[in-house]
Amino acid sequence: MARNGSLLRARAAHQHHRVTYVELFFDLVFVFAITQISHTLLAHFTPLGVLQTTILFLAVWWVWIFTSWITNWLDPERTPVRVMLFVLMILGLLLSTSIPKAFETRGLAFALAFVVMQVGRSAFTFFSIPKSQPGWRMSLLRITCWLMCSGVFWIAGGFAEGQARIALWIVAVAIEYCGPALRFWFPGLGATPLNDWEVEGGHMAERCALFIIIALGESIVVTGSTFAATAWTMPTIIAFVVALIGSIAMWWVYFHIGAEAGAEHISHSEETGRLARLAYTYLHLPIVAGIVVSAVGDELLLAHPEGHSDMKAVLSMIGGPLLFLIGTILFKRSIRGIFQLSHMVGIGLLIALMPFAHHLSPLMLSSATTVVVLIVATWEAISLGSQAKSDEI
């Protein structure tokens, strides 16, 4: 699709659009948002707190990934699109600052910021698409209608309190997440054909990879800031090294082969919309969640490396890597068509560690989970490296 004076990106076959500086600038708001999510989870690590934080995390991911779809279609170098992103940044900062008290005094602020971001961005895109693209315009109209329906529940939840807010926001999240799966079917408008969701695959893969970097960066910031504020005893120093190696291991598992393979696969796919919906919109969610939960575990580790692991430590130190590996194995399955044995073994080892976790110190437990992720990374690198050599022969 050529630009033809519109706000659309100019496209050519197998062309890879680079991520623009304004998109990277926009992402800075979500560095703060991820930090707010991890701190909120740490401060409210109860069943109710986990549920509330999960709702907030799902909202943060959804508003970011929807914006990534839009900047895949619209050209961020055009001034109106840039202004739209700057407005979203302002609203995103309001959203992020509301996270710690979203279920207390700032629920309406969170809801309003989220709804205006979602509906406003989609409506802007609808009016930005030229009339020569009727299928695409209809797709954005369906999306806007869905987001307006979910927005009713978001805003109603902002006015409500307690359990009512939770219930209303769960309904809102369910509507949001069912939309792409149902191709935004709407009465009188029908469903969107997947061909109307064509994306530039390399750009989408790079955008999601950058969000993984954001999450890993937040984990490193938490590790560094917590280590700086604690007494530097030998257990604390070892805990610092273990936490940092854990982040490096996660980077290795995702970026060494998986990210490149995903970018290559979607760039040459005949169904970029379907793959972007599954592999990047849905399946990256547990990957990011795993990194965020692991960051909470790292903070608990550095605060109390010795003694027995309590429930918070067990859930975060095992649950974080477990979510991460589940997300990566599903992501790579969507690309390669197989469940990688290395990841399956890693998931099995983490599950097998659960019955003994309470008897281990946080330092021992975190060291064990880090070793598991390192085993997965090393196994994958060796096995796929050997496979590549055999293919060359």
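Brief remarks follow.
- Per residue, the chain reaches -25500 deg cm²/dmol at 222 nm when only DSSP H runs of four or more residues are counted, each adding -39500 (n - 2.57).
- ³J(HN,Hα), Karplus 6.51/-1.76/1.60, whole Hz, each residue of the range 288-296, x for Gly, Pro: 5, 4, x, 5, 5, 5, 5, 5, 5
- Estimated vicinal HN-Hα couplings, Hz - the range 41-48 in sequence order (Karplus 6.51, -1.76, 1.60; Gly, Pro = x): 5, 5, 6, 10, 7, 10, x, 5
- Extension gain for residue 333-residue 308 works out to 5.3 nm (0.36 nm per residue, less the C-alpha to C-alpha distance).
- Measuring r between the beta carbons of residue 93 and residue 149 and using R0 = 35 Å, the FRET efficiency lands at 0.85.
- Taking all Cα-Cα distances within the range 158-248, those exceeding 15 Å account for 77%.
- Here each label is just a point 7 Å from Cα along the line to Cβ, and for residue 375 and residue 256 those points are 1.5 nm apart.
- Order of 99, 55 under a 10 Å beta carbon neighbour criterion, fewest first: 55, 99
- Ordering 128, 267 by the number of other Cβ atoms within 10 Å of each residue's own Cβ, fewest first, gives 267, 128.
- Simple label model, 7 Å out from Cα along Cβ direction - residue 345 to residue 28, nm: 4.4
- Electrostatic bookkeeping for residue 326 treats Lys and Arg as +1 and Asp and Glu as -1; over the other residues with beta carbon under 14 Å from its beta carbon, the sum is +2.
- Check: the chain dipole with +1 on Lys, Arg Cβ and -1 on Asp, Glu Cβ, in debye: 960
- Applying 0.36 nm per residue to the separation of residue 161 and residue 50 and subtracting their alpha-carbon distance, the gain on full extension is 38.2 nm.
- Global geometry of the range 21-197, whether rounded, prolate or oblate, following the gyration tensor of its Cα atoms and the 1.5 cut on a/c: oblate
- Spin-label model, residue 86 to residue 359: label points 7 Å out along the Cα-to-beta-carbon direction sit 6.2 nm apart.
- Cβ-Cβ FRET estimate between residue 182 and residue 220, R0 fixed at 35 Å, reported to 0.05: 0.40
- The range 201-386: C-alpha gyration tensor shape, a/c 1.5 cut-off, then a/b vs b/c: prolate
- For the range 147-250, the list of GluC sites (Glu not before Pro) that fall in a loop by DSSP and count at most 16 other C-beta atoms within 10 angstrom reads 161.
- Rotationally averaged projected area of the chain (alpha carbon convex hull; nm²): 20.1
- Annotation: amide H-H contacts under 5 Å for residue 74 (H modelled 1.01 Å from N, sequence separation of 5 or more, or interchain): 9.
- Proximal aspartates and glutamates to residue 101, defined as alpha-carbon separation beneath 15 angstrom and excluding residues fewer than eight positions away on the same chain: 161
- Two-site FRET efficiency, residue 132 against residue 269, from Cβ-Cβ distance with R₀ of 22 Å, rounded to 0.05: 0.30
- Difference of contour (0.36 nm per residue) and Cα-Cα distance, residue 170 to residue 21: 50.2 nm
- Calculated from backbone phi, Karplus (6.51, -1.76, 1.60) coupling profile of the range 270-280 in Hz, x at Gly/Pro: 8, 10, 5, x, 4, 5, 5, 5, 6, 6, 10
- Working from Cα pairs under 8 Å separated by at least six residues, relative contact order for the chain is 15 percent.
- In terms of surrounding Cβ atoms within a 10 Å radius of their Cβ, 316, 139, 342 rank from fewest to most as 342, 139, 316.
The numbers here are math on the coordinates, done by the rules we state, and not lab data. The model shown is predicted, which means the values in this text are computed figures rather than measured ones. All Cβ positions, even for glycine, are placed from backbone atoms using ideal geometry, and neighbour counts span all protein chains on display.
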